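For reference, the structure is listed below as structure tokens.
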Amino acid sequence: MEILNKETINFVKKHFNNQIPDIGIVLGSGLKIFENLENQKDLKYSDIPNFPKSTVEGHDGLISIGNYENKNILILRGRFHKYEGYSWNKVVSPIYLLKELGTKILVLTNAAGGINRNYEPGDLMLIEDHINFHLIDSNERKELYKFLKGRRFIEYYNKELNKLILNSAIEAKVKIHQGIYLSLPGPNYETRAEVLMFRKLNIDAVGMSTVPEAIWANAWNMKVIGISCITNSTYYEKTMSETSHDEVINVAKTASSKLDLLLKEFIKNL
Ligand code: HPA
């Protein structure tokens with residue numbers, strides 16, 4: 001079963017001289033980190049044959065490979081969402097590409113709304129666990145079933161790597177929460193009534209991505225961690241104001257500097 005065909009995979013392998021990334025990092029909306037890796041080489045999504053195109057503002061649509069602390073890092077600057085009209089196979093195709101390149105560790109990042117009242121815009125949250133509100137189409141559920149080969153995961157975020165993130169956060173002096181991430185289909189943000197419901201369900205942050213990537217990556221034997229950058233609060237009952245995508249992108253820029261410090265320390269400690 002192919003999510004991306006051989007031509008696509010071979011094109012990327014050739015462009016990056018068959019380098020095997022130790023770590024793959026998916027960047028969420030507006031997040032900009034590792035802008036200058038050693039020996040960095042870039043590839044636009046639009047230059048890759050049969051690769052989906054990023055349509056969301058704040059997503060560059062670029063793959064970068066380079067080195068940091070003697071590790072080979074691949075950054076996916078931009079992801080695909082179901083609400084852009086893509087099938088699940090397209091949404092998870094960058095993760096499939098990483099698997100085909102031989103990557104074993106996956107860092108998923110996202111921009112998320114803070115449901116927990118203690119979270120402020122600009123904060124980071126390590127995803128301890130998730131809730132999936134996406135409907136996965138029956139055909140693609142069947143394909144996932146084949147990838148699972150009889151396994152039934154209940155834990156998607158690697159405990160050892162999570163510990164390493166928490167220790168790295170202490171060393172890098174970056175504050176990080178730990179919490180539950182809810183993934184919704186979007187593209188609309190939550191109503192006040194939904195926010196109140198999510199709080200009752202002990203959900204800490206909400207977004208529209210990451211969970212499908214974590215599910216498929218586990219099926220492909222990758223070790224996964226997830227980090228949310230809280231870009232907006234959802235205290236509508238207090239502020240009565242709506243959240244705009246522009247606001248999300250602006251706060252994401254600030255959160256990027258914390259994420260950059262944290263992931264650099266993490267990679268050093270790996
Ligand atoms: N809701 C859903 N997705 C989001 C939000 C939000 O408040 N902020 C960033 N992505």
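For the chain, the longest principal axis of the C-alpha atoms and the axis of helix 245-269 are separated by about 60°.
Tell me, what is the 1.4 Å probe accessible area of residue 15, in Å² to the nearest 10? The value for residue 15 is about 50 Å². Rounded to the nearest 500, the helix-only mean residue ellipticity at 222 nm of the chain stands at -10500 deg cm²/dmol, with each DSSP H run of n ≥ 4 adding -39,500 (n - 2.57). Under a Gaussian network description of the chain, with springs only between Cα atoms under 10 Å, the residue in 190, 155, 120 that fluctuates furthest is 155. Among 132, 39, 67, the residue with the largest mean-square fluctuation in a Gaussian network model of the chain, with springs joining Cα atoms closer than 10 Å, is 39.
Computed over Cα pairs, the Kirkwood radius of the stretch 149-206 leads via Stokes-Einstein (1.306 mPa s, 10 °C) to a diffusion coefficient of 111 µm² per second. Taking only the C-alpha atoms of the chain, the Rg (one decimal) and the largest Cα-Cα distance, Dmax (whole number), read 17.6, 53 Å. Remark: the stretch 6-269 carries a charge dipole of roughly 760 debye about the Cα centre, counting +1 on each Lys and Arg Cβ and -1 on each Asp and Glu Cβ.
A Gaussian network model of the chain, with springs between Cα atoms under 10 Å, assigns the largest mean-square fluctuation among 97, 182, 31 to 97. Would you mind checking the tilt of helix 6-15 against the longest principal axis of the Cα atoms of the chain, expressed as 0 to 90 degrees and rounded to 10? Computed tilt is about 90 degrees. Taking Cα atoms only, the orientation of helix 138-148 departs from the longest principal axis of the chain by about 60 degrees.
The values are calculated or read from the model by the stated rules, or taken from the named source; none is laboratory data. Just so you know, these numbers come straight off a predicted model, no measurement behind them. Don't worry about glycine lacking a Cβ; one is built from the backbone with ideal geometry, like all the others, and counts go over all protein chains shown. Ligands, DNA and RNA are stripped out before the accessible areas are found, and what is left, the full protein with its side chains, is counted by its heavy atoms. Shrake-Rupley method; radii C 1.70, N 1.55, O 1.52, S 1.80 Å.
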